[in-house]
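Inspection log for the structure reproduced underneath, given as structure tokens.
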Amino acid sequence: MFSVIMTQIIKMLLILFVGILVSRLHLIDDHANKALANLLLLVVNPIVAITALQTDYSPDLARGSPLS
């Protein structure tokens with residue numbers, strides 16, 4: 001369990017450092033930043049939410065039983 005959490009933290013830190021590097025090198029201007037933010041909010045975020053909620057059907061789940 002610990003290794004899974006550490007792996008996710010390391011991935012998040014790498015993404016953070018790439019973002020800082022891109023910002024410091026001025027590779028993305030304000031217009032591109034706004035476009036990327038809109039892409040994340042309007043496209044990626046709903047896809048992640050839908051993917052997280054997909055589960056296999058079971059009669060217990062349909063009845064609202066917490067046991068599955």
>> Please go through the range 51-67 and give me each residue that is aliphatic (A, V, I, L, M) and more than 28 Å from VAL22 (Cβ to Cβ), ordered by number.
In response: LEU53, LEU61, ALA62, LEU67
> If you go through the range 49-66 one residue at a time, do you hit one that is open to solvent by 100 Å² or more (accessible area, probe 1.4 Å), of a type in the set (Asp, Glu) and assigned to a helix (DSSP H, G or I)?
Replying inline: no
>> Could you go through the range 3-23 and let me know if any residue there is of a type in the set (Gly, Ala, Ser) and surrounded by fewer than 10 Cβ atoms within 10 Å (Cβ to Cβ).
In response: yes
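The values are calculated or read from the model by the stated rules, or taken from the named source; none is laboratory data. If you're wondering where the values come from, they're calculated on a predicted model, not measured in any experiment. Please note: Cβ atoms are built from the backbone with ideal geometry, for glycine as well, and neighbour counts cover all protein chains shown. Each accessible area value is taken on the protein alone, full model and side chains, heavy atoms only, with ligands, DNA and RNA left out. Shrake-Rupley method; radii C 1.70, N 1.55, O 1.52, S 1.80 Å.
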